[in-house]
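Following: one structure in structure tokens, then a few remarks.
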Amino acid sequence: MSLDFSHPGQLLASGSDAPSETIAIMAADPDHLLPAADAPDTLPLLPVRNTVLFPGVVLPVTVTRKKSVRLVRKLAAKNEKLVGVVAQRHPDADEPTTDDLHPVGTLARILKLIDQPDGTVTIILQGQVRFLVGEQLTFAPQLTAKVTYFEERALNAEKDGEMVLLQSLRESASKVLELTPEIPMEARNMLEGIQSPAFLIHFLSSNVQLELPAKQKLLELADPEAQGRQLLEALLRQIELLEIKNDIRTKVHTGIDAEQREYFLRKQLKTLQDELGQGEGSAEGDVAALRARAQEKKWPEAVAKHFDKEVHKLGRLNQMSPDYPVTLNYVEFLLDLPWGETTKDKFNLKTTKKILDADHFGLEKVKERILEYLAVLKLKQDLKAPILCLYGPPGVGKTSLGRSIATALGRKYVRLSLGGVRDEAEIRGHRKTYVGAMPGRIIAQIKKAGVSNPVIILDEIDKVSSDFRGDPSSALLEVLDPEQNSTFTDNYLEVEYDLSRVLFIATANSLDTIQPALRDRMEIIDLTGYTQEEKVQIARKHLWPKQLREHGLGEAEVKITDTALHRVADDYTRESGVRSLERQLAALTRNLARRKASKEALPPQIEPSDVLKILGSPRFDRDKDQDHDTAGVVTGLAWTSVGGDILFVESLLSRGRGKLTLSGQLGDVMKESAITALSYLRSRADELGIDHRLFEQYDLHIHFPEGGIPKDGPSAGIAIFTSIASAYTQRQVRPRMAMTGEITLRGRVLPVGGIKEKLLAARRAGIDFIILSPKNRKDVEEIPADYLKGVRIHYAERVDDVLAEALLPELVARPQNLPVRDEAPAPVGPSVEVQ
């Protein structure tokens with residue numbers, strides 16, 4: 001609390017109908033105040049939130065509440081100038097009643113009303129006389145109540161006690177002015193000009209900085225002597241606080257002078273020590289130790305000059321300066337980096353192949369590419385080749401492949417997760433002038449590895465995003481470019497660092513989200529996932545022994561049959577990798593561990609019946625090929641993020657006007673495939689023996705079951721065509737047959753991707769005849785022959801070949817009756833409805 005005479009003739013205080021703000025309080029002529037006898041007994045009340053109005057004080061109030069704005073405008077319109085100003089008990093009450101207001105307020109005269117641009121109103125109020133709030137009369141449209149006015153009594157300046165009290169109040173206020181140098185001295189003259197004892201007390205009460213309850217208590221005191229004593233107590237406390245504040249300010253200023261004196265003495269001492277050849281000070285000792293460490297560094301000349309400059313700067317800084325630890329940390333970071341320190345590579349390709357085979361089953365093509373990459377590295381002794389990017393679904397071993405490469409080469413292994421990185425400074429670092437600056441994660445991992453040629457796995461590079469803080473993908477362009485990363489510059493480091501000897505291996509689940517320029521700098525190695533047979537072998541050789549060890553069981557205690565492993569992989573997992581398979585095997589071993597801990601007998605080996613008993617009902621039902629005893633049902637093949645699957649296409653004709661309806665949550669590509677297939681079928685209706693009137697008198701509905709799963713892609717083109725051709729011709733589709741391929745308006749069959757996963761899914765579903773595009777033959781040749789045993793593949797160049805193989809000559813067992821009228825109804829034009 002303090003008096004604030006910021007301008008002669010006006011004081012600053014806080015109070016308004018709106019939230020608290022700083023406004024002016026000015027002295028008023030007490031001779032012009034309204035006597036209590038002339039004041040009305042019933043008043044409209046204006047609640048205010050953060051101020052208390054005293055008699056004789058002029059106070060601007062900003063009115064923001066709509067109800068209060070209407071009140072003051074109404075009073076101004078009727079030329080009524082009197083309103084009761086009462087402080088709220090709780091400032092957050094938006095619709096206060098008399099119960100929410102303090103019992104004592106002040107009658108005020110509205111001197112002026114000012115409209116604000118934002119719709120609020122500022123009014124200039126002059127306090128008149130205090131009153132006690134009585135019975136509430138109305139709440140709306142305005143708050144009115146009966147009031148009882150105080151009989152204002154002033155201190156008698158002729159009485160000794162009251163005279164001393166008035167003098168003490170004036171002296172205390174003057175003392176506050178003396179202790180607050182920022183207040184102009186003209187304020188003293190204004191204070192001395194107040195002659196009325198009553199107004200002096202109200203004036204000082206209004207301007208002393210007290211909390212709202214304390215000011216309200218001053219307003220409620222009817223006895224002027226009691227009010228003056230309480231005000232004097234507040235002023236004396238304020239004087240004491242101001243004296244303490246000034247004392248602290250003086251001591252701090254003295255402390256700063258002492259610190260400056262100590263700094264100059266230290267500089268003189270340093271000069272004397274340099275003349276004597278001694279450097280025993282703590283700062284000098286730091287510099288000497290840093291220079292000694294620098295003698296062992298094999299860094300470029302440019303880095304050495306930069307280091308000397310920073311160390312020289314460190315030596316000139318006062319140890320108490322805030323810049324000292326920042327510079328010291330930076331210099332130490334320069335020394336901690338492994339400039340030119342490398343590990344010797346082990347280029348034994350046979351050993352590398354053994355390590356890769358021991359750690360990963362299958363993935364022969366991937367292993368072969370890695371061995372070729374390392375062979376070139378061995379011959380050229382440099383890494384100016386594309387960065388490897390292992391691309392594939394989750395759980396196929398991308399990260400562990402990188403660890404195996406590091407083990408085979410004898411290099412340090414560092415994993416850098418980029419998932420969710422949004423800030424470019426995560427890659428390039430912050431400039432060291434910023435508070436809390438840190439180097440980028442690339443340089444930080446180099447420091448962590450302790451060598452300049454580690455294997456760094458850039459995990460989840462496809463999940464890098466960008467926002468207002470920059471684009472980390474663009475920062476990675478320099479890191480992963482063999483022509484640029486030899487001069488990589490981190491913002492924190494400020495000097496070039498050679499990253500060309502680092503072996504970067506990126507991993508990604510999707511290529512679509514990788515910036516094209518960044519993708520161009522990497523060689524994509526596709527890890528498509530494991531077949532069921534490969535999963536069983538991985539579980540047999542790696543996962544089952546690992547889970548037994550982790551759960552306190554010996555590898556020889558419990559065996560598991562291949563049939564049981566097939567049951568776990570088929571019925572309890574649906575993925576391209578083996579993470580879910582490992583979790584299910586962990587559930588089996590936990591059950592065995594519980595039995596062993598309970599001293600129960602363990603089964604000699606796990607059978608399929610034990611799997612069903614421990615893991616419960618199968619979670620996934622593998623789709624099996626269905627008997628196509630109804631026209632229009634065809635089995636297609638689809639690729640999903642968890643492997644291949646079969647996909648049924650169903651077509652049905654119904655009486656209508658030639659409308660095409662698609663359902664099954666389809667993407668744009670599949671919708672276009674359906675429209676293309678129908679258009680081509682209409683063009684070949686005569687060759688297929690289809691009555692043209694069927695297209696005009698029947699609606700076609702194409703449905704893809706499992707509508708809760710989104711479906712998109714070009715793989716279902718020939719399957720859709722075969723389905724609608726079967727529906728219009730009512731010829732049965734060949735059983736145990738599936739197909740995949742795109743169709744064109746000229747009837748050609750185009751190749752599609754994911755052939756390995758699709759064919760393995762077809763084989764699991766019991767399909768023995770598959771139709772593909774001839775251009776997919778190369779994909780089939782890459783699949784081991786054992787995986788396709790019993791499956792015959794037909795390559796169709798055109799859709800006519802597809803129908804020749806897919807449709808049987810006879811009608812279906814239960815043909816759909818499709819009568820046509822001689823006169824077709826008026827065509828409505830092409831119409832497609834997607835559900």
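The values are calculated or read from the model by the stated rules, or taken from the named source; none is laboratory data. Predicted, not measured: the structure shown is a model, and the values here were computed from it. All Cβ positions, glycine included, derive from the backbone under ideal geometry; neighbour counts span all protein chains shown.
Set side by side, the residues S715, S663, S679 differ, and just one is surrounded by fewer than 15 Cβ atoms within 10 Å (Cβ to Cβ) and more than 16 Å from L818 (Cβ to Cβ), which is S679. Among the numbered conditions (1) of a type outside the set (F, W, Y); (2) without any contact (Cβ under 8 Å) to a residue 24 or more places away in the chain; (3) surrounded by 14 or more Cβ atoms within 10 Å (Cβ to Cβ), the only one that E80 does not meet is (3).
Per-residue answers, yes or no, for (1) hydrophobic (A, V, I, L, M, F, W, C); (2) over 24 Å from V455 (Cβ atoms); (3) out of contact with any His (no Cβ under 7 Å at 6 or more places or on another chain); (4) assigned by TED's automatic domain parsing to the domain that holds G436:
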position: K298; (1), (2), (3), (4): no, no, yes, no
position: M320; (1), (2), (3), (4): yes, yes, yes, no
position: N329; (1), (2), (3), (4): no, yes, yes, no
position: E332; (1), (2), (3), (4): no, yes, yes, no
position: K353; (1), (2), (3), (4): no, no, yes, yes
position: P393; (1), (2), (3), (4): no, no, yes, yes
position: V396; (1), (2), (3), (4): yes, no, yes, yes
position: G402; (1), (2), (3), (4): no, no, yes, yes
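Among the helices (runs of 4 or more DSSP H) confined to region 483-600, the ones with at least 3 residues that are under 33 Å from the mean Cα position of the chain (by Cα) and on the phi < 0 side of the Ramachandran plot are located at 516-520, 579-597. Taking every residue in region 509-532 that is within 15 Å of V578 (Cα to Cα) and pairing it with any residue that is among the hydroxyl-bearing types (S, T, Y), at least 6 positions away or on another chain, the pairs with Cβ-Cβ distances below 7 Å are L527/Y391; G529/S576; Y530/S576; T531/Y787.
Please go through region 331-341 and give me each residue that is of a type outside the set (D, E, K, R) and modelled with pLDDT of 85 or more, ordered by number. Selection gives V331, F333, L334, L335, L337, P338, W339.
The residues on offer are R89, R109, and the sole one that is touching a helix residue (DSSP H, G or I) at 6+ places or on another chain (Cβ under 8 Å), among the basic types (K, R) and surrounded by 15 or more Cβ atoms within 10 Å (Cβ to Cβ) is R89. Residue check: P604 meets all listed conditions (1) surrounded by fewer than 16 Cβ atoms within 10 Å (Cβ to Cβ); (2) touching a strand residue (DSSP E or B) at 6+ places or on another chain (Cβ under 9 Å); (3) modelled with pLDDT of 85 or more but one, namely (3).
Give me a count of the residues in region 124-165 that are in a loop (DSSP other than H, G, I, E, B) and within 18 Å of A37 (Cβ to Cβ). Residues that pass the stated criteria total 5.
Within region 158-178, the set of residues being closer than 22 Å to G127 by Cβ and surrounded by fewer than 17 Cβ atoms within 10 Å (Cβ to Cβ) comprises R170 only.
In region 729-744, the residues that are assigned by TED's automatic domain parsing to the domain that holds E757 and more than 23 Å from W639 (Cα to Cα) form Cβ pairs under 7 Å with partners that are at pLDDT below 90 and of a type in the set (V, I, T), at six or more places apart or across chains, as follows: T729/I690; Q730/V812; Q732/V812.
The set of residues from region 341-383 being surrounded by 13 or more Cβ atoms within 10 Å (Cβ to Cβ) and either of a type in the set (F, W, Y) or closer than 25 Å to W299 by Cβ (or both) comprises E341, T342, T343, D345, F347, F361, Y373, L377, L383. The sole residue among L328, L356, L314 that is assigned to a helix (DSSP H, G or I) and modelled with pLDDT of 85 or more is L328.
For T97, the requirement of being among the hydroxyl-bearing types (S, T, Y), surrounded by 14 or more Cβ atoms within 10 Å (Cβ to Cβ) and assigned by TED's automatic domain parsing to the domain that holds F139 is not met. Filtered by the rule that a residue be assigned to a loop (DSSP other than H, G, I, E, B) and under 39 Å from the mean Cα position of the chain (by Cα), region 711-759 gives D712, G713, V752, G753, G754. Of all residues in region 767-820, those satisfying the criterion of being assigned to a strand (DSSP E or B) and more than 52 Å from the chain's Cα centre (by Cα) are L807, L808, P809, E810, L811. Taken together, the criteria exclude D100 from residues that are without any contact (Cβ under 8 Å) to a residue 12 or more places away in the chain and closer than 21 Å to V61 by Cβ.
Let's see how each residue does on (1) modelled with pLDDT of 85 or more; (2) hydroxyl-bearing (S, T, Y); (3) assigned to a helix (DSSP H, G or I):
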site: D4; (1), (2), (3): no, no, no
site: L11; (1), (2), (3): no, no, no
site: A18; (1), (2), (3): no, no, no
site: F54; (1), (2), (3): yes, no, no
site: V58; (1), (2), (3): yes, no, no
site: L71; (1), (2), (3): yes, no, yes
site: A76; (1), (2), (3): no, no, yes
site: N79; (1), (2), (3): no, no, no
site: D92; (1), (2), (3): no, no, no
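Of all the numbered requirements in (1) within 24 Å of Q216 (Cα to Cα); (2) in a helix (DSSP H, G or I); (3) in contact with a strand residue (DSSP E or B) (Cβ under 9 Å, 6 or more places away or on another chain), M190 misses one, and that requirement is (1).
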